[in-house]
Amino acid sequence: MASPPPPPLPSAPPPVLPYVVALADDLSGAAETARALGGPVRLSLDAADVAGTAAAHDLVVDLDTRHLPPADAAHAVRTALRAARADPPPLLYKKVDSQLRGRLAAEAAAYAEGAEAVVAPALPAARRTVISGVVHMNGVPLHHTDGWRAERASAPRSLPEALSGLPIRTIPLDVVRSVPAALDAAFRRIAASGAHPAPDAETDADLDAVAAAALRLGPGFRLLGSGGLAAALGRALPRPAAAAPPPMLERDHTPLLFVVGTAEPGAVAQIARLTVLGARHVPLDPADVAAGTVRLPPAAAAPSLTVLSIDGSAGPRPGAGRALSTALGALAATCPGRPDLVLTGGETARTTLDALGIRELEPLGEIHHGAVHSRTPDGRHVVTRPGSYGGEDSLLRIAVALRPRLAASTAATRTCHRPPPA
């Protein structure tokens, strides 16, 4: 008589996937990071949420430190890192501006305490690269562009200058693109010297190599970079797919409010594409906004598309950004009809949501690079976008994505404005 088959061996438990805690210095960057990571994620506007992270979800927190004094920004990073201690520990990520704005040196130094910070702010999707430790925009060194025109200071000439006080050593592209062992050895050699590695990068593949090396070397190496490096981390980690967003219900009768808080010259052309569709553009005098003397019309008089923007005809106002953003956000919060929101510029996005009492967003998708479509807990739809992102049709593409009925009007407009054949 045959022996009964042996009982099946117990299956191995599924591997515990490390979850990510990402810290951003502004809201549009936080939203960009949340989409870049790729899996289930919470996007919080409350730094206290770091302590309550559940391992089932990655967490991205906007620390809202871009406007703070350097010491206060560093303190916020240290506080968040202490709150993030858990068993098992999360993977840490620090989102920084690809143009090196904000309190980069102070926050990077705080983030690097007790670990090696791998500094890689390249963002290939926006044609922002790092060569020989110098950030380039469309092939031009950052300090030769106008990317810092609204800042009080001049753009740094290199990563070592931007991170003054944090010793870093650059790693050339040929090492980044070499075999993994060579890149790992470069990271270890720089760490042994008391410095932090800053690898060059031109492509997403370069950033993939950087993220993979940091993961191989373990939790003693922490990633610090733009949305490009966050996307590389997301590609490197095994992640369950984010839940598909429910179909968007028809919202044609819900007003759509664009709050353009960027000083970028391209914003003028972006707004013009909306006014062709019948959007009402309300350019606001900065002095009136700051004084709180602007009043919006009642709901009955409000069109379905409204654009609020700061009149930039007098040029940028270095150092005045936060005060204007706060006043602009407070004004936008009074807009009648509970509109869906399109918010450009991280400070404008944050101050508008703060004025509305919104503390969390659920990312749903990306309309174009950096234009992240989210939903609030009470069902309002919000798109955030860094001020420097997007072509001339950026706001138009966002409007059509949120209000598909506008696609026909857009097509008709293109036909009417098509130049006659030669």
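We did not get these values from a lab; they are worked out from the coordinates using the rules stated. Model, not experiment: these values are computed from the prediction. Neighbour counts run over all protein chains shown; Cβ positions are idealised from the backbone, glycine included.
So who's got an amide H within less than 5 Å of the one on Val135, skipping anything under 5 residues away but keeping other chains? H placed 1.01 Å off N, in plane.
Leu142, Leu159
Per the Kirkwood formula on distinct C-alpha pairs, the Rh of the chain is how many angstrom?
22.6
Based on alpha-carbon atoms only, what is the radius of gyration of region 20-236 relative to the globular estimate 2.2 N^0.38 Å?
Computed over Cα atoms of region 20-236, the ratio equals 0.93.
Regarding region 122-212, what is the average projected area of its C-alpha convex hull, in nm²?
6.1
Suppose R0 equals 41 Å; then what is the FRET efficiency for Asp184 and Ala323 from their Cβ-Cβ distance, rounded to the nearest 0.05?
0.30
Using modelled amide H (1.01 Å from N, peptide plane; none on Pro or chain starts), what sits under 5 Å from the amide H of Ala117, excluding residues fewer than 5 places away?
Here Arg222 satisfy the definition.
Based on the Cβ-Cβ distance from Asp378 to Ala269, what FRET efficiency comes out when R0 is 45 Å, to the nearest 0.05?
0.85
Given N residues in region 358-408, what is Rg(Cα) / (2.2 N^0.38 Å)?
1.16
Share of antiparallel DSSP beta bridges in the chain, in percent to the nearest 5?
Counting only bridges with both partners in the chain, antiparallel ones make up about 30 percent.
Sorting Val307, Val282 on the 10 Å Cβ count, fewest up front, what's the list?
Neighbour counts put them in this order, fewest first: Val282, Val307.
Excluding Thr145 itself, what net charge comes from residues whose Cβ is under 15 Å from its Cβ, given Lys and Arg +1 and Asp and Glu -1?
Local charge sum for Thr145: +1.
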